[in-house]
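Inspection log for the structure reproduced underneath, given as C-alpha coordinates.
The values are calculated or read from the model by the stated rules, or taken from the named source; none is laboratory data. Remember, it's a predicted structure, so these values are computed and weren't measured experimentally. Every residue, glycine among them, receives a Cβ derived from its backbone with ideal geometry; neighbour counts consider all protein chains shown. Each accessible area value is taken on the protein alone, full model and side chains, heavy atoms only, with ligands, DNA and RNA left out. Shrake-Rupley method; radii C 1.70, N 1.55, O 1.52, S 1.80 Å.
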Amino acid sequence: MSQRKLRLGIDVGGTNTDAALMCGKDVVATGKSFTTSDVRSGVISVVTEILAQGGYRGSDIEAVMIGTTQFVNAFVQRSDLSPVAIFRVALPKADGVPPLAGWPDDAARAVGSHIYMVGGGAFYTGKDFAPLDREALRLAARDARQKGLEAVAVSAIFSPLRPDIEEEAAAVIQAEMPDARITLSSQVGGVGLVDRENATIINATLGALSVKVVRSLVQAFADLGIHVPIYISQNDGTLISTEMAERYPIMTCSAGPTNSIRGAAFLTGLDEAIVADIGGTTTDIGFLLRGFPRETTAANLIGGVRTNFRMPDTLSIGLGGGSIVRISDAGVSLGPDSVGYRLKELGRVFGGPTVTATDIAVRAGQARIGDAAALSDLPDSTVEAALSVIHTMIEDAIDQVKTSPHPLPLVLVGGGSILVSRPIKGASEVLRPAHAEVANAVGAAIALVSGRVDKMFDVDKLGREGALAQAKEEAVSAAVRAGAQAGAVEIIDISEMPMTHMRTGCVQMRVRAAGPLAALN
(Lines give C-alpha, C1' and ligand atoms only; values in the text may rest on other atoms or scores of the structure.)
Protein backbone atom coordinates (compact mmCIF):
# COMPACT_ATOMS: atom_id res chain seq x y z
CA MET A 1 0.00 0.00 0.00
CA SER A 2 1.25 3.48 -0.80
CA GLN A 3 2.46 5.58 2.13
CA ARG A 4 1.50 8.76 0.29
CA LYS A 5 -1.45 10.66 1.60
CA LEU A 6 -4.74 10.56 -0.29
CA ARG A 7 -7.33 13.21 -1.11
CA LEU A 8 -10.98 12.29 -1.41
CA GLY A 9 -13.38 13.97 -3.84
CA ILE A 10 -17.14 13.57 -3.29
CA ASP A 11 -20.04 14.78 -5.45
CA VAL A 12 -23.47 14.60 -3.81
CA GLY A 13 -25.97 14.85 -6.67
CA GLY A 14 -29.73 14.52 -6.74
CA THR A 15 -29.55 10.83 -7.76
CA ASN A 16 -26.03 9.57 -7.10
CA THR A 17 -23.20 10.26 -4.70
CA ASP A 18 -19.88 9.77 -6.53
CA ALA A 19 -16.44 9.43 -4.99
CA ALA A 20 -12.86 9.45 -6.26
CA LEU A 21 -9.79 8.71 -4.17
CA MET A 22 -6.61 10.32 -5.49
CA CYS A 23 -2.92 9.88 -4.70
CA GLY A 24 -1.07 12.79 -6.25
CA LYS A 25 -2.34 12.92 -9.83
CA ASP A 26 -3.48 9.29 -9.88
CA VAL A 27 -7.07 8.16 -9.38
CA VAL A 28 -6.65 5.05 -7.21
CA ALA A 29 -10.29 4.16 -6.44
CA THR A 30 -13.78 5.26 -7.48
CA GLY A 31 -17.32 4.49 -6.39
CA LYS A 32 -21.00 5.38 -6.73
CA SER A 33 -23.91 5.15 -4.32
CA PHE A 34 -27.47 6.41 -4.39
CA THR A 35 -27.92 9.76 -2.66
CA THR A 36 -29.97 9.35 0.50
CA SER A 37 -32.43 11.76 2.08
CA ASP A 38 -30.14 12.31 5.05
CA VAL A 39 -27.06 12.71 2.75
CA ARG A 40 -24.88 11.20 5.49
CA SER A 41 -25.62 7.50 4.94
CA GLY A 42 -25.06 7.76 1.16
CA VAL A 43 -21.64 9.33 1.78
CA ILE A 44 -20.72 6.69 4.35
CA SER A 45 -21.72 3.95 1.89
CA VAL A 46 -19.61 5.17 -1.02
CA VAL A 47 -16.57 6.07 1.11
CA THR A 48 -16.63 2.67 2.78
CA GLU A 49 -16.77 1.08 -0.68
CA ILE A 50 -13.75 2.87 -2.14
CA LEU A 51 -11.62 2.47 0.98
CA ALA A 52 -12.23 -1.27 0.76
CA GLN A 53 -11.17 -1.39 -2.91
CA GLY A 54 -7.49 -0.82 -2.14
CA GLY A 55 -7.36 -1.75 1.52
CA TYR A 56 -7.05 1.91 2.46
CA ARG A 57 -7.78 3.33 5.88
CA GLY A 58 -9.46 6.55 6.85
CA SER A 59 -6.16 7.73 8.31
CA ASP A 60 -4.63 7.59 4.80
CA ILE A 61 -6.83 10.52 3.74
CA GLU A 62 -5.43 14.02 4.30
CA ALA A 63 -8.30 16.15 2.95
CA VAL A 64 -11.89 15.81 1.71
CA MET A 65 -13.41 18.00 -1.02
CA ILE A 66 -17.18 17.88 -1.54
CA GLY A 67 -19.40 19.24 -4.29
CA THR A 68 -23.17 19.18 -3.88
CA THR A 69 -26.28 20.23 -5.78
CA GLN A 70 -28.48 19.89 -2.69
CA PHE A 71 -29.00 23.65 -2.30
CA VAL A 72 -29.81 24.54 -5.89
CA ASN A 73 -32.11 21.51 -6.10
CA ALA A 74 -33.94 22.68 -2.96
CA PHE A 75 -34.50 26.18 -4.35
CA VAL A 76 -35.55 24.92 -7.78
CA GLN A 77 -38.04 22.52 -6.15
CA ARG A 78 -39.10 25.17 -3.55
CA SER A 79 -38.49 22.67 -0.76
CA ASP A 80 -36.84 23.13 2.65
CA LEU A 81 -36.88 26.92 2.23
CA SER A 82 -37.15 29.30 5.19
CA PRO A 83 -39.33 32.45 5.15
CA VAL A 84 -37.15 35.55 4.99
CA ALA A 85 -37.32 39.01 6.57
CA ILE A 86 -36.16 41.26 3.72
CA PHE A 87 -34.64 44.61 4.71
CA ARG A 88 -33.76 47.15 2.04
CA VAL A 89 -31.85 50.20 3.32
CA ALA A 90 -32.41 52.76 0.58
CA LEU A 91 -35.18 55.30 1.25
CA PRO A 92 -35.90 57.87 -0.01
CA LYS A 93 -34.34 56.28 -3.13
CA ALA A 94 -34.58 52.85 -4.84
CA ASP A 95 -38.23 52.19 -4.09
CA GLY A 96 -39.35 51.93 -7.74
CA VAL A 97 -38.56 48.22 -8.05
CA PRO A 98 -39.45 46.51 -4.75
CA PRO A 99 -37.80 43.36 -3.46
CA LEU A 100 -39.07 40.09 -5.05
CA ALA A 101 -40.08 41.93 -8.25
CA GLY A 102 -39.88 39.50 -11.16
CA TRP A 103 -39.72 36.40 -8.97
CA PRO A 104 -41.82 33.37 -9.99
CA ASP A 105 -44.98 33.30 -7.88
CA ASP A 106 -44.14 30.00 -6.20
CA ALA A 107 -40.65 31.20 -5.23
CA ALA A 108 -42.03 34.46 -3.82
CA ARG A 109 -44.61 32.52 -1.81
CA ALA A 110 -41.90 30.21 -0.46
CA VAL A 111 -39.82 33.06 1.00
CA GLY A 112 -42.89 35.13 1.99
CA SER A 113 -43.52 38.83 1.46
CA HIS A 114 -41.96 40.15 4.67
CA ILE A 115 -40.46 43.29 3.15
CA TYR A 116 -39.18 46.27 5.17
CA MET A 117 -37.99 49.44 3.41
CA VAL A 118 -36.03 51.81 5.65
CA GLY A 119 -34.08 55.02 5.19
CA GLY A 120 -30.36 55.27 4.62
CA GLY A 121 -27.69 54.72 1.99
CA ALA A 122 -24.87 56.19 -0.04
CA PHE A 123 -24.11 57.25 -3.61
CA TYR A 124 -21.61 55.40 -5.80
CA THR A 125 -19.05 57.97 -4.62
CA GLY A 126 -19.44 56.63 -1.09
CA LYS A 127 -21.04 59.85 0.17
CA ASP A 128 -24.19 59.39 2.28
CA PHE A 129 -27.47 60.59 0.79
CA ALA A 130 -29.39 59.71 3.98
CA PRO A 131 -28.42 58.48 7.47
CA LEU A 132 -29.50 55.02 8.57
CA ASP A 133 -33.00 55.22 10.10
CA ARG A 134 -32.19 53.14 13.16
CA GLU A 135 -35.60 53.59 14.79
CA ALA A 136 -37.49 52.40 11.71
CA LEU A 137 -35.11 49.48 11.43
CA ARG A 138 -35.61 48.60 15.09
CA LEU A 139 -39.41 48.59 14.72
CA ALA A 140 -39.19 46.48 11.59
CA ALA A 141 -36.93 43.95 13.30
CA ARG A 142 -39.37 43.66 16.19
CA ASP A 143 -42.18 42.97 13.74
CA ALA A 144 -40.09 40.27 12.00
CA ARG A 145 -39.30 38.65 15.36
CA GLN A 146 -42.98 38.59 16.29
CA LYS A 147 -43.67 36.77 13.02
CA GLY A 148 -41.18 34.12 14.05
CA LEU A 149 -38.74 34.88 11.24
CA GLU A 150 -35.10 33.90 11.70
CA ALA A 151 -33.70 34.19 8.15
CA VAL A 152 -32.78 37.80 7.33
CA ALA A 153 -31.55 39.46 4.13
CA VAL A 154 -30.14 43.02 4.25
CA SER A 155 -29.40 45.07 1.12
CA ALA A 156 -28.32 48.67 0.59
CA ILE A 157 -27.46 50.75 -2.48
CA PHE A 158 -23.78 50.47 -3.49
CA SER A 159 -23.05 48.43 -0.38
CA PRO A 160 -19.95 46.80 -1.96
CA LEU A 161 -18.46 50.32 -1.71
CA ARG A 162 -19.98 51.11 1.69
CA PRO A 163 -20.40 47.78 3.51
CA ASP A 164 -20.45 49.60 6.86
CA ILE A 165 -24.05 50.71 6.24
CA GLU A 166 -25.30 47.12 6.06
CA GLU A 167 -23.08 46.12 8.98
CA GLU A 168 -24.58 48.88 11.12
CA ALA A 169 -28.07 47.78 10.08
CA ALA A 170 -27.25 44.16 10.92
CA ALA A 171 -26.15 45.17 14.42
CA VAL A 172 -29.49 46.90 15.03
CA ILE A 173 -31.42 43.87 13.69
CA GLN A 174 -29.37 41.37 15.68
CA ALA A 175 -30.07 43.28 18.88
CA GLU A 176 -33.82 42.85 18.28
CA MET A 177 -33.56 39.35 16.73
CA PRO A 178 -30.82 37.50 18.67
CA ASP A 179 -31.47 34.19 16.85
CA ALA A 180 -31.48 35.68 13.35
CA ARG A 181 -29.20 34.32 10.59
CA ILE A 182 -28.33 37.51 8.70
CA THR A 183 -27.01 37.66 5.14
CA LEU A 184 -25.54 40.99 3.99
CA SER A 185 -25.63 41.71 0.28
CA SER A 186 -22.16 43.30 0.39
CA GLN A 187 -20.79 39.88 1.36
CA VAL A 188 -22.60 38.20 -1.52
CA GLY A 189 -21.07 40.69 -3.95
CA GLY A 190 -21.87 42.56 -7.17
CA VAL A 191 -22.78 46.20 -7.72
CA GLY A 192 -26.35 46.08 -9.11
CA LEU A 193 -28.89 46.33 -6.27
CA VAL A 194 -31.73 44.11 -7.51
CA ASP A 195 -29.63 41.14 -8.68
CA ARG A 196 -27.46 41.35 -5.56
CA GLU A 197 -30.54 41.56 -3.35
CA ASN A 198 -32.11 38.54 -5.07
CA ALA A 199 -28.97 36.48 -4.42
CA THR A 200 -28.98 37.64 -0.79
CA ILE A 201 -32.60 36.54 -0.31
CA ILE A 202 -31.91 33.13 -1.90
CA ASN A 203 -28.93 32.67 0.39
CA ALA A 204 -31.00 33.59 3.43
CA THR A 205 -33.83 31.19 2.57
CA LEU A 206 -31.32 28.33 2.17
CA GLY A 207 -29.52 29.10 5.43
CA ALA A 208 -31.21 26.55 7.70
CA LEU A 209 -30.92 23.80 5.06
CA SER A 210 -27.22 24.53 4.54
CA VAL A 211 -26.53 24.11 8.23
CA LYS A 212 -28.37 20.77 8.19
CA VAL A 213 -26.66 19.42 5.05
CA VAL A 214 -23.12 20.61 5.81
CA ARG A 215 -23.24 19.29 9.35
CA SER A 216 -24.60 15.98 8.05
CA LEU A 217 -21.60 15.76 5.70
CA VAL A 218 -19.18 16.57 8.52
CA GLN A 219 -20.88 14.00 10.75
CA ALA A 220 -20.53 11.32 8.05
CA PHE A 221 -16.76 11.63 8.14
CA ALA A 222 -16.70 11.77 11.93
CA ASP A 223 -18.66 8.52 11.94
CA LEU A 224 -16.09 7.04 9.55
CA GLY A 225 -13.27 8.08 11.87
CA ILE A 226 -11.88 10.47 9.25
CA HIS A 227 -10.79 13.63 11.03
CA VAL A 228 -9.23 15.81 8.33
CA PRO A 229 -9.96 19.23 6.79
CA ILE A 230 -13.22 19.19 4.82
CA TYR A 231 -13.85 21.69 2.03
CA ILE A 232 -16.87 22.45 -0.14
CA SER A 233 -16.71 23.26 -3.88
CA GLN A 234 -18.17 26.59 -4.94
CA ASN A 235 -19.55 27.82 -8.25
CA ASP A 236 -16.20 28.54 -9.90
CA GLY A 237 -14.75 25.13 -9.02
CA THR A 238 -12.61 26.35 -6.14
CA LEU A 239 -12.97 25.54 -2.45
CA ILE A 240 -14.44 27.17 0.62
CA SER A 241 -14.54 25.98 4.22
CA THR A 242 -17.56 24.17 5.66
CA GLU A 243 -18.20 27.20 7.86
CA MET A 244 -18.29 29.44 4.79
CA ALA A 245 -20.59 26.98 2.96
CA GLU A 246 -22.99 27.04 5.92
CA ARG A 247 -23.16 30.83 5.74
CA TYR A 248 -23.21 31.17 1.94
CA PRO A 249 -24.90 28.12 0.33
CA ILE A 250 -25.63 30.18 -2.80
CA MET A 251 -21.91 30.05 -3.58
CA THR A 252 -22.21 26.29 -4.18
CA CYS A 253 -25.24 26.23 -6.49
CA SER A 254 -23.31 25.44 -9.69
CA ALA A 255 -20.63 23.21 -8.19
CA GLY A 256 -21.95 20.11 -9.98
CA PRO A 257 -21.37 21.13 -13.63
CA THR A 258 -18.24 23.04 -12.67
CA ASN A 259 -16.66 19.98 -11.10
CA SER A 260 -17.56 17.84 -14.12
CA ILE A 261 -15.86 20.28 -16.50
CA ARG A 262 -12.80 20.64 -14.26
CA GLY A 263 -12.63 16.86 -13.91
CA ALA A 264 -12.82 16.47 -17.69
CA ALA A 265 -9.89 18.88 -18.06
CA PHE A 266 -7.81 16.93 -15.56
CA LEU A 267 -8.60 13.51 -17.00
CA THR A 268 -7.78 14.55 -20.59
CA GLY A 269 -5.09 17.20 -20.05
CA LEU A 270 -7.02 19.59 -22.31
CA ASP A 271 -7.37 23.31 -21.66
CA GLU A 272 -10.03 23.98 -24.30
CA ALA A 273 -12.82 21.56 -25.19
CA ILE A 274 -16.55 20.94 -25.21
CA VAL A 275 -17.67 18.86 -22.24
CA ALA A 276 -20.87 16.81 -22.16
CA ASP A 277 -21.81 15.45 -18.73
CA ILE A 278 -24.44 12.79 -19.39
CA GLY A 279 -26.22 11.72 -16.23
CA GLY A 280 -29.32 9.70 -15.52
CA THR A 281 -31.84 12.39 -16.46
CA THR A 282 -30.06 15.27 -18.19
CA THR A 283 -27.03 16.12 -20.27
CA ASP A 284 -25.16 19.31 -19.32
CA ILE A 285 -23.01 20.76 -22.09
CA GLY A 286 -20.36 23.35 -21.27
CA PHE A 287 -17.02 24.65 -22.47
CA LEU A 288 -13.56 24.38 -21.04
CA LEU A 289 -11.57 27.60 -21.46
CA ARG A 290 -7.99 27.87 -20.17
CA GLY A 291 -8.63 24.90 -17.89
CA PHE A 292 -11.75 26.37 -16.23
CA PRO A 293 -15.44 26.39 -17.17
CA ARG A 294 -16.45 29.20 -19.49
CA GLU A 295 -18.69 31.50 -17.46
CA THR A 296 -21.74 33.40 -18.56
CA THR A 297 -21.33 37.14 -19.07
CA ALA A 298 -24.94 38.05 -18.36
CA ALA A 299 -27.00 37.77 -15.19
CA ASN A 300 -27.98 34.22 -14.29
CA LEU A 301 -31.24 32.67 -13.26
CA ILE A 302 -31.35 30.38 -10.23
CA GLY A 303 -34.71 28.68 -10.02
CA GLY A 304 -36.21 31.40 -12.22
CA VAL A 305 -34.74 34.28 -10.15
CA ARG A 306 -32.26 36.67 -11.69
CA THR A 307 -29.00 36.95 -9.72
CA ASN A 308 -25.60 38.60 -10.13
CA PHE A 309 -23.64 35.35 -9.92
CA ARG A 310 -21.39 34.28 -12.74
CA MET A 311 -22.08 30.62 -13.42
CA PRO A 312 -20.66 28.03 -15.79
CA ASP A 313 -22.13 28.62 -19.24
CA THR A 314 -23.94 25.31 -19.65
CA LEU A 315 -26.99 24.05 -21.48
CA SER A 316 -29.06 21.22 -20.03
CA ILE A 317 -31.18 18.94 -22.20
CA GLY A 318 -33.49 16.10 -21.21
CA LEU A 319 -31.25 13.24 -22.24
CA GLY A 320 -29.69 10.71 -19.88
CA GLY A 321 -29.17 7.03 -19.27
CA GLY A 322 -32.63 6.75 -17.75
CA SER A 323 -34.45 8.68 -20.49
CA ILE A 324 -37.60 6.85 -21.52
CA VAL A 325 -37.71 5.65 -25.15
CA ARG A 326 -41.06 5.82 -26.92
CA ILE A 327 -41.73 3.85 -30.10
CA SER A 328 -44.68 4.73 -32.31
CA ASP A 329 -45.73 4.83 -35.95
CA ALA A 330 -44.34 8.37 -36.06
CA GLY A 331 -40.89 7.13 -35.11
CA VAL A 332 -38.71 6.97 -31.99
CA SER A 333 -38.40 9.68 -29.34
CA LEU A 334 -36.48 9.98 -26.06
CA GLY A 335 -37.20 11.86 -22.83
CA PRO A 336 -37.36 14.42 -21.46
CA ASP A 337 -38.80 12.23 -18.69
CA SER A 338 -36.54 9.63 -17.12
CA VAL A 339 -36.77 6.69 -14.75
CA GLY A 340 -33.84 8.36 -12.90
CA TYR A 341 -32.59 6.48 -9.85
CA ARG A 342 -35.17 3.72 -10.54
CA LEU A 343 -33.23 2.55 -13.60
CA LYS A 344 -32.28 -0.75 -11.97
CA GLU A 345 -35.93 -1.32 -11.09
CA LEU A 346 -37.64 -0.21 -14.31
CA GLY A 347 -35.04 -0.58 -17.09
CA ARG A 348 -35.63 -3.49 -19.49
CA VAL A 349 -32.01 -4.63 -19.22
CA PHE A 350 -32.55 -5.13 -15.48
CA GLY A 351 -35.85 -7.00 -15.96
CA GLY A 352 -38.15 -3.98 -15.77
CA PRO A 353 -40.92 -2.92 -18.18
CA THR A 354 -39.52 0.38 -19.52
CA VAL A 355 -37.25 0.85 -22.53
CA THR A 356 -34.61 3.42 -21.65
CA ALA A 357 -31.64 5.03 -23.38
CA THR A 358 -29.37 2.64 -21.44
CA ASP A 359 -31.26 -0.30 -22.98
CA ILE A 360 -30.55 1.12 -26.43
CA ALA A 361 -26.82 1.43 -25.65
CA VAL A 362 -26.65 -2.14 -24.35
CA ARG A 363 -28.65 -3.54 -27.30
CA ALA A 364 -26.25 -1.72 -29.67
CA GLY A 365 -23.27 -3.35 -27.99
CA GLN A 366 -21.93 -0.08 -26.55
CA ALA A 367 -22.05 -1.28 -22.94
CA ARG A 368 -22.22 -4.49 -20.94
CA ILE A 369 -24.82 -3.90 -18.27
CA GLY A 370 -27.50 -6.24 -16.92
CA ASP A 371 -29.03 -8.96 -19.10
CA ALA A 372 -28.59 -8.07 -22.79
CA ALA A 373 -30.71 -11.09 -23.75
CA ALA A 374 -33.74 -9.28 -22.32
CA LEU A 375 -33.44 -6.79 -25.19
CA SER A 376 -33.35 -9.30 -28.04
CA ASP A 377 -36.87 -8.33 -29.16
CA LEU A 378 -35.85 -4.74 -29.90
CA PRO A 379 -35.53 -4.47 -33.73
CA ASP A 380 -32.27 -3.22 -35.19
CA SER A 381 -34.17 -0.44 -36.94
CA THR A 382 -35.51 0.83 -33.61
CA VAL A 383 -32.04 0.80 -32.05
CA GLU A 384 -30.58 2.66 -35.02
CA ALA A 385 -33.36 5.25 -34.94
CA ALA A 386 -32.93 5.82 -31.19
CA LEU A 387 -29.17 6.21 -31.55
CA SER A 388 -29.72 8.77 -34.30
CA VAL A 389 -32.05 10.76 -32.02
CA ILE A 390 -29.49 10.66 -29.18
CA HIS A 391 -26.65 11.93 -31.36
CA THR A 392 -28.82 14.58 -33.02
CA MET A 393 -29.93 15.92 -29.62
CA ILE A 394 -26.31 16.33 -28.52
CA GLU A 395 -25.26 17.90 -31.83
CA ASP A 396 -28.13 20.40 -31.68
CA ALA A 397 -27.26 21.33 -28.10
CA ILE A 398 -23.59 21.89 -28.96
CA ASP A 399 -24.64 24.04 -31.90
CA GLN A 400 -26.75 26.22 -29.57
CA VAL A 401 -23.93 27.03 -27.14
CA LYS A 402 -20.93 27.26 -29.49
CA THR A 403 -19.47 30.72 -29.95
CA SER A 404 -17.00 29.77 -32.69
CA PRO A 405 -17.34 27.76 -35.90
CA HIS A 406 -14.04 25.99 -35.21
CA PRO A 407 -14.47 22.39 -34.04
CA LEU A 408 -13.17 21.47 -30.58
CA PRO A 409 -12.62 18.10 -28.91
CA LEU A 410 -15.75 16.74 -27.20
CA VAL A 411 -15.12 15.13 -23.81
CA LEU A 412 -17.83 12.77 -22.58
CA VAL A 413 -18.18 12.28 -18.83
CA GLY A 414 -20.84 10.91 -16.50
CA GLY A 415 -22.40 7.49 -16.28
CA GLY A 416 -24.53 8.12 -19.37
CA SER A 417 -21.53 8.64 -21.67
CA ILE A 418 -22.11 5.08 -22.96
CA LEU A 419 -24.95 6.50 -25.07
CA VAL A 420 -22.55 8.08 -27.59
CA SER A 421 -20.84 5.88 -30.15
CA ARG A 422 -20.64 7.96 -33.33
CA PRO A 423 -18.73 11.06 -34.42
CA ILE A 424 -20.46 14.27 -33.36
CA LYS A 425 -20.89 17.23 -35.72
CA GLY A 426 -19.07 20.28 -34.44
CA ALA A 427 -16.50 18.19 -32.56
CA SER A 428 -13.01 17.51 -33.89
CA GLU A 429 -12.89 14.25 -31.92
CA VAL A 430 -14.83 12.46 -29.20
CA LEU A 431 -12.95 11.53 -26.02
CA ARG A 432 -14.10 9.33 -23.16
CA PRO A 433 -11.27 9.35 -20.58
CA ALA A 434 -10.70 6.77 -17.86
CA HIS A 435 -12.86 7.44 -14.77
CA ALA A 436 -15.21 9.59 -16.87
CA GLU A 437 -18.15 8.24 -14.88
CA VAL A 438 -16.93 10.07 -11.73
CA ALA A 439 -15.37 13.13 -13.38
CA ASN A 440 -17.39 15.38 -11.04
CA ALA A 441 -15.79 13.77 -7.97
CA VAL A 442 -12.35 14.05 -9.60
CA GLY A 443 -13.06 17.72 -10.25
CA ALA A 444 -13.84 18.20 -6.56
CA ALA A 445 -10.65 16.38 -5.51
CA ILE A 446 -8.37 18.61 -7.60
CA ALA A 447 -10.08 21.90 -6.73
CA LEU A 448 -8.05 24.97 -5.85
CA VAL A 449 -8.73 27.78 -3.39
CA SER A 450 -9.72 31.11 -4.89
CA GLY A 451 -10.14 34.76 -4.06
CA ARG A 452 -12.25 37.23 -5.99
CA VAL A 453 -12.61 40.98 -6.25
CA ASP A 454 -15.68 42.56 -7.81
CA LYS A 455 -15.82 46.29 -7.20
CA MET A 456 -15.49 49.69 -8.85
CA PHE A 457 -12.21 51.57 -9.14
CA ASP A 458 -11.65 55.25 -9.96
CA VAL A 459 -9.42 54.94 -13.02
CA ASP A 460 -9.11 58.73 -13.37
CA LYS A 461 -7.51 58.81 -9.95
CA LEU A 462 -5.56 55.52 -9.89
CA GLY A 463 -4.84 55.04 -13.59
CA ARG A 464 -5.85 51.80 -15.29
CA GLU A 465 -2.62 49.96 -14.46
CA GLY A 466 -2.73 51.14 -10.88
CA ALA A 467 -6.34 50.09 -10.45
CA LEU A 468 -5.68 46.72 -12.05
CA ALA A 469 -2.66 46.11 -9.84
CA GLN A 470 -4.71 46.93 -6.76
CA ALA A 471 -7.51 44.60 -7.86
CA LYS A 472 -5.03 41.75 -8.48
CA GLU A 473 -3.38 42.27 -5.09
CA GLU A 474 -6.75 42.20 -3.33
CA ALA A 475 -7.78 39.01 -5.19
CA VAL A 476 -4.52 37.23 -4.30
CA SER A 477 -4.85 38.31 -0.65
CA ALA A 478 -8.43 37.00 -0.58
CA ALA A 479 -7.25 33.61 -1.89
CA VAL A 480 -4.50 33.37 0.74
CA ARG A 481 -6.97 34.30 3.48
CA ALA A 482 -9.24 31.50 2.21
CA GLY A 483 -6.44 28.94 2.61
CA ALA A 484 -4.37 29.07 -0.60
CA GLN A 485 -0.62 28.66 -0.47
CA ALA A 486 1.05 32.08 -0.43
CA GLY A 487 3.38 32.45 -3.42
CA ALA A 488 1.52 29.86 -5.50
CA VAL A 489 -1.59 31.91 -6.27
CA GLU A 490 -2.19 32.91 -9.89
CA ILE A 491 -4.60 35.34 -11.54
CA ILE A 492 -6.97 33.24 -13.64
CA ASP A 493 -9.59 35.73 -14.81
CA ILE A 494 -9.88 39.50 -15.36
CA SER A 495 -12.81 41.49 -16.70
CA GLU A 496 -13.34 45.25 -16.86
CA MET A 497 -16.58 47.14 -17.43
CA PRO A 498 -16.45 50.95 -17.79
CA MET A 499 -19.35 52.69 -16.03
CA THR A 500 -20.07 55.01 -18.96
CA HIS A 501 -23.33 56.20 -17.41
CA MET A 502 -21.40 57.78 -14.55
CA ARG A 503 -19.63 61.11 -14.69
CA THR A 504 -16.39 59.96 -13.13
CA GLY A 505 -13.97 57.38 -14.59
CA CYS A 506 -15.31 54.46 -12.57
CA VAL A 507 -14.59 50.97 -13.93
CA GLN A 508 -16.02 47.78 -12.50
CA MET A 509 -13.18 45.24 -12.24
CA ARG A 510 -13.65 41.56 -11.59
CA VAL A 511 -10.45 39.67 -10.85
CA ARG A 512 -10.18 36.03 -9.77
CA ALA A 513 -7.09 34.36 -8.32
CA ALA A 514 -6.58 30.70 -7.39
CA GLY A 515 -3.92 28.51 -5.84
CA PRO A 516 -3.39 25.11 -4.18
CA LEU A 517 -4.40 24.49 -0.60
CA ALA A 518 -1.65 25.54 1.79
CA ALA A 519 -2.69 22.72 4.12
CA LEU A 520 -1.65 20.12 1.51
CA ASN A 521 1.84 21.53 0.82
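Okay, here's what the table says:
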quantity	calculated
Sparse-neighbourhood loop sites, GluC sites (Glu not before Pro) in segment 236-328 - DSSP loop, at most 16 other Cβ within 10 angstrom	272
Share of Cα-Cα pairs in segment 48-142 lying beyond 19 Å, as whole percent	64 percent
Measure of compaction for segment 93-180 (Cα Rg per 2.2 N^0.38 Å)	1.13
Antiparallel content of DSSP bridges confined to segment 406-521, in %, to 5	85 percent
Rounded to the nearest 20 debye, dipole of segment 418-517 from Cβ charges on Lys, Arg, Asp, Glu	240 debye
Rounded if a/c under 1.5, otherwise prolate or oblate - segment 382-509, Cα gyration tensor axes	oblate
Total charge dipole magnitude, the chain, about the Cα centre, Cβ charges on Lys, Arg, Asp, Glu only, Debye to nearest 20	500 debye
Residue 393 - accessible surface, heavy atoms, 1.4 Å probe, Å² rounded to 10	50 Å²
Cα gyration tensor shape for segment 321-402, rounded if a/c is under 1.5, else prolate or oblate	prolate
Dipole-positive endmost among 318, 281, 267 within the chain (Cβ charges, Cα centre)	267
Qualifying trypsin sites (Lys or Arg not before Pro) for segment 355-411 [loop in DSSP, other Cβ within 10 Å: at most 14]	368
Global form of segment 330-374, assessed from the alpha-carbon gyration tensor, a/c cut-off 1.5	oblate
Percent of Cα pairs exceeding the 26 Å cut-off, where the set is segment 278-420	32 percent
Efficiency of FRET from Cβ geometry, residue 392 and residue 108, R₀ 35 Å, rounded to 0.05	0.35
Per residue, the convex hull volume that the Cα atoms of segment 2-64 enclose (Å³)	71 Å³
Square roots of 5 times each gyration tensor eigenvalue, C-alpha, the chain, largest first, Å	42, 25, 24
Kirkwood Rh (inverse of mean 1/r, distinct Cα pairs), segment 398-439, angstrom	11.1 Å
Förster radius 22 Å - calculated FRET efficiency between residue 421 and residue 330 (Cβ-Cβ, nearest 0.05)	0.35
Size descriptor, Kirkwood hydrodynamic radius, that averages inverse alpha-carbon separations across segment 133-241, Å	15.7 Å
Lysine pairs meeting the criterion (Cα under 18 Å, 8 or more apart or interchain), as found in the chain	8
Computed over segment 242-335, the ratio Rg/Rh where both radii use C-alpha atoms and Rh is Kirkwood	1.07
Dipole-positive endmost among 415, 511, 387 within segment 386-521 (Cβ charges, Cα centre)	511
